[in-house]
Structure formats: structure tokens, C-alpha cells
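Single-structure report; data block below.
The values are calculated or read from the model by the stated rules, or taken from the named source; none is laboratory data. Note that the structure is predicted; figures quoted are calculated from it, not measured. Note that each Cβ is placed from the backbone with ideal geometry, even for glycine, and that neighbours are counted across all protein chains shown.
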Amino acid sequence: MDLRDTPDEASFRQEIRDFIAENLPDASRRRGARRFEDDDREWSRSLGEAGYAGLTWPKEYGGSGAPYSHQGIFLEELARADAPSHLGVIGIGMAGPTIMAWGSDEQKERYLSKILTADEIWCQGFSEPDAGSDLAAARTRIEDEGDHFLVNGQKVWSSFAHIADFCILVGQGVPDQPRYKNLTYVIADMHAPGVEVRPLVQITGHPEFNEIFFSDVQVPKENLLGEIGGGWQVAMTTLLHERGTLGFALAATLDGAVRKLIALAKDLEVDDPILLDRIAREWIEVQALRYTNYRALTTLQKTGIPGPEGSASKLVWSENNQRLTKLALEVLGSHAQLTDGGGYADGYWQYQQLRSRGNTIEAGTSEILRNIIAERVLGLPRSR
Ligand SMILES: Cc1cc2nc3c(=O)[nH]c(=O)nc-3n(C[C@H](O)[C@H](O)[C@H](O)COP(=O)(O)OP(=O)(O)OC[C@H]3O[C@@H](n4cnc5c(N)ncnc54)[C@H](O)[C@@H]3O)c2cc1C
């Protein structure tokens, strides 16, 4: 099997490199952190206008109808250039594909293209203080009031909610029904009366995610996705896409991180054989992850639906990334104690190590992913 770029892919890769060189604001490079500066919105808009956001989305929804291999190349090149991702991570990766699968023509027309141009930002309101891994335990009420839904409850850990215009929201629609038949899934307007967002500061010092409080929030009936009580099936579409398409972005970022680590070790003339051995291991691991993703890509190209293998990529990436960023701090040695200086003390690796702690929790914890791999990929007996 020849895994090198075809002539068409090589020319697309060059096109992306040229685009990044011409359009990426200098300030966005190597920031590594999601800080939502104004230039991030501009950068996201420029990606949308050039047709690089939603590359694989059908043209009728504002996408480019490109093959998944182009999506992989695009993500690899963004990571190589240290460019920030599109601000519409949740819109492009989760809300958009869910609306395409379950939405009405009016919903597709209303929401999809504005996701790509970053005119409207989305957040995901799934987790609650007592319902994370167990989404079916969500307590937020989405009550049918005849001509609208009335939403009351609290969501937590909602990334992007402080800049979001819309939320894909799951809650109790028919509480008297058994688990998995009781959820309703709606699109909530984050600017509606009764929606309050309170940012939560992470260990990195950045408020990347938020609490959302809904108090008597009216959601129009036409914002329903799927059926009342059928929210579980809709949510599964969202989660499959969350992990499925995420794999490429993650492997590409990890590949970039390994390259930076190797460059750092060369710069610092590291000659400790144990450290060199551990760096080599990280390089090998990222190659394995890349080839796993190529296999998943083949499935995706054939079926158009991400398979459960996405869970394996996310699991491996998150654990590798934590190990790798810790190793980078060891390579930095005494420089690792400084974060506000220039050169080695610019805080880059320190930020990455702190941020990596959340990697094994977000988008499914490692334990939940191991359960999914055991049951759905390996076909082992269910754990409960
Ligand atoms: C950086 C970050 C961003 C996030 N962004 C969002 C977002 O945008 N929107 C959103 O809705 N949520 C978001 N989350 C929340 C995330 O989805 C949840 O934290 C996650 O699903 C785990 O839920 P929990 O925190 O309630 O932990 P719990 O589900 O209470 O789990 C606690 C512990 O028990 C383990 N556990 C639970 N069930 C099982 C089981 N069946 N078998 C084995 N072990 C089990 C877990 O692995 C974990 O170690 C984000 C989280 C982070 C860290």
C-alpha cells in the first residue's frame, strides 16, 4: 500500500501551505492556547470563505464536498504551522453533522453555512453536575408547552459557551419514560432571556469552559432535533462525530508536538540515553496512531459515518499527549520553572502539560472509551 500523497493530494497540500503562509496572523502562531482573540474569528472566517471549513460537507450546505483525505491533509498542515483551529470546533464537528443527519430543511438552511464562516459559534450542553459519562441521567427539563419548549436546569463544562450563539442541548423531555427514551434534543439560542453563562477557570488559568443556567427559557418548537423523547439517538450521532473526525486533528497535533519535542532536545543537546529513548517511543507511538487513523479514514470514506474506532484514537492520543508534555518539561529541566520569559521559558510546554490533564476527561473519559472499545470494537461482554 502506498500511503504517500497522490498528485491531487500533493497539490491540495501545497495550496493549504500557501494559504496559511499568506493568511495566518503572526500573533496566532505558536500560541497553543485557545484564547479566543479577535484574530481567531478573522482567521476562522477566512478559512470558511476559502472553503476549508467544512471541507467534507456537501456543497448544498456551504461545504466543499471534498474527500476525507483532504480533511486529513488540511488538519495536518494546520498543526504543522501551529495555526489555531477554526472557532467553530463544536459547530463543524458536532452540531453541523447532527443537523445534517436529523434536521429539517429549514434548520439546515438556517444554521449550517453560518457555522463555516464563524458568524455563529456553537456550544454543547450535554454534561451536568450529576450527569457526565451518564448522559441519560441529565436532569435539565425541556418541557413541551404546546407552542414552545420551556427549559430549566444547569449544564457544566460547556466549552465555547461564553462566545456561543447556539447550544445543542439535551435534557429530560418525557421524565415518565424509561432511560434512553426520556431525552429531548433541541437547539437553544444562547442570547434568549433566561440563559446565564458563568465561565470556569481551568488549571491553565484560561476560562475555556462554562456553567450554563437555563431559567424558564423558551425554545421554539421548530428547534427540535429528532423527536420528543428521541434525544438519545440524536445525541449518539453527535458523539460519534465528536470522536470520529476528532482523530485526525488529534494525531496531527500530536505529530506537531513530537516534532517540537525533538527540536527542543536537539537545541538543548540532550544526551541522556533514557530521555532519548523516551522521545523515540513518543515518535513511534505517533506513527502507530497515524496509521490507525488512516485505517479509520478508509472506513469513513466508504461509509460516510465514523466508526467506534474513533474512541481508540482519542484514548491513545490523550494518554500519549499527557506523557509527552510531561517529558517535554523534563527535557526543559530547570527552564521548566519559568513561564514568562522568552526562549525556552515562554510557558508553551507548561501550558500544554496543564491543558493535557483535561484530555482524558473531555469527549469521553479514558474508562468510558475503554468500555466502548471492549464492547463495540472487540465484541467483549457488556460491563453492565
Ligand atoms: C476540557 C473539557 C471540556 C469539556 N467540554 C464539554 C462541552 O463542551 N460540553 C459538555 O457537555 N461537556 C464537556 N465536558 C465534560 C465532559 O464531557 C465530562 O467531564 C465527561 O463526560 C465526564 O463526566 P463527569 O465529569 O461528570 O465525570 P463522571 O461521569 O462522574 O465520571 C467520574 C469518574 O468515573 C468514571 N466512570 C464513570 N462511569 C463509568 C463506567 N461506566 N465505567 C468505568 N468508569 C466510569 C469516569 O471515567 C471518571 O473517572 C468537558 C470536559 C473537559 C475536561
Across the stretch 164-179, what is the number of residues that are surrounded by 15 or more Cβ atoms within 10 Å (Cβ to Cβ), of a type outside the set (D, E, K, R) and more than 12 Å from the ligand (Cβ to nearest atom)? 4
Of the numbered conditions (1) modelled with pLDDT of 95 or more; (2) under 27 Å from residue 40 (Cβ atoms), residue 87 satisfies every one except a single condition; which is it? (1)
For residues that are touching a helix residue (DSSP H, G or I) at 6+ places or on another chain (Cβ under 8 Å) and in a loop (DSSP other than H, G, I, E, B), scanning just the stretch 280-334, find the one that is nearest to residue 72 (Cα to Cα). 306
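State whether one or more residues within the stretch 142-158 are closer than 15 Å to residue 234 by Cβ, within 16 Å of the ligand (Cβ to nearest atom) and buried (at least 19 other Cβ atoms within 10 Å of the Cβ). Outline the logic, then answer.
Here is the first cut: in the stretch 142-158, the residues closer than 15 Å to residue 234 by Cβ are 142, 149.
Checking which are within 16 Å of the ligand (Cβ to nearest atom) leaves us with 142.
From the residues that got through so far, the ones that are buried (at least 19 other Cβ atoms within 10 Å of the Cβ) too are 142.
Looking for residues that are closer than 15 Å to residue 234 by Cβ, within 16 Å of the ligand (Cβ to nearest atom) and buried (at least 19 other Cβ atoms within 10 Å of the Cβ), one finds at least one in the stretch 142-158, hence yes.
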Name the residue that is surrounded by the most Cβ atoms within 10 Å (Cβ to Cβ), counting only residues in the stretch 206-234 that are modelled with pLDDT of 95 or more and among the aromatic types (Phe, Trp, Tyr). 214
Subset of the stretch 312-356 [within 22 Å of residue 135 (Cα to Cα) and among the charged types (D, E, K, R)]: 314
Residue selected from the stretch 199-249 under the condition of a type in the set (Ser, Thr, Tyr) and under 17 Å from residue 359 (Cα atoms), by the criterion nearest to the chain's Cα centre (by Cα): 245
What is the one condition in (1) aliphatic (A, V, I, L, M); (2) more than 15 Å from the ligand (Cβ to nearest atom); (3) part of a loop (DSSP other than H, G, I, E, B) that residue 203 does not satisfy? (2)
Counted residues, the stretch 103-132 - those being farther than 30 Å from residue 40 by Cβ and either crowded, with 23+ Cβ neighbours inside 10 Å or within 16 Å of the ligand (Cβ to nearest atom) (or both): 2
Scan 158, 64, 46, 85 and give me the residue that is over 29 Å from residue 216 (Cα atoms) and not in a loop (DSSP other than H, G, I, E, B). 46
Mind telling me which of the residues 331, 316 ends up being hydrophobic (A, V, I, L, M, F, W, C) and in contact (Cβ under 8 Å) with a residue 60 or more places away in the chain? 331
Any residue in the stretch 135-154 that's closer than 15 Å to residue 220 by Cα and among the aromatic types (Phe, Trp, Tyr): show its pairings with residues that are assigned to a helix (DSSP H, G or I) and modelled with pLDDT of 95 or more at Cβ separation under 8 Å, as long as the two are six or more apart or on different chains. 149/221; 149/223
Taking the stretch 371-384 as the search range and keeping residues that are in a helix (DSSP H, G or I) and in contact with a helix residue (DSSP H, G or I) (Cβ under 7 Å, 6 or more places away or on another chain), which one is nearest to the ligand (Cβ to nearest atom)? 372
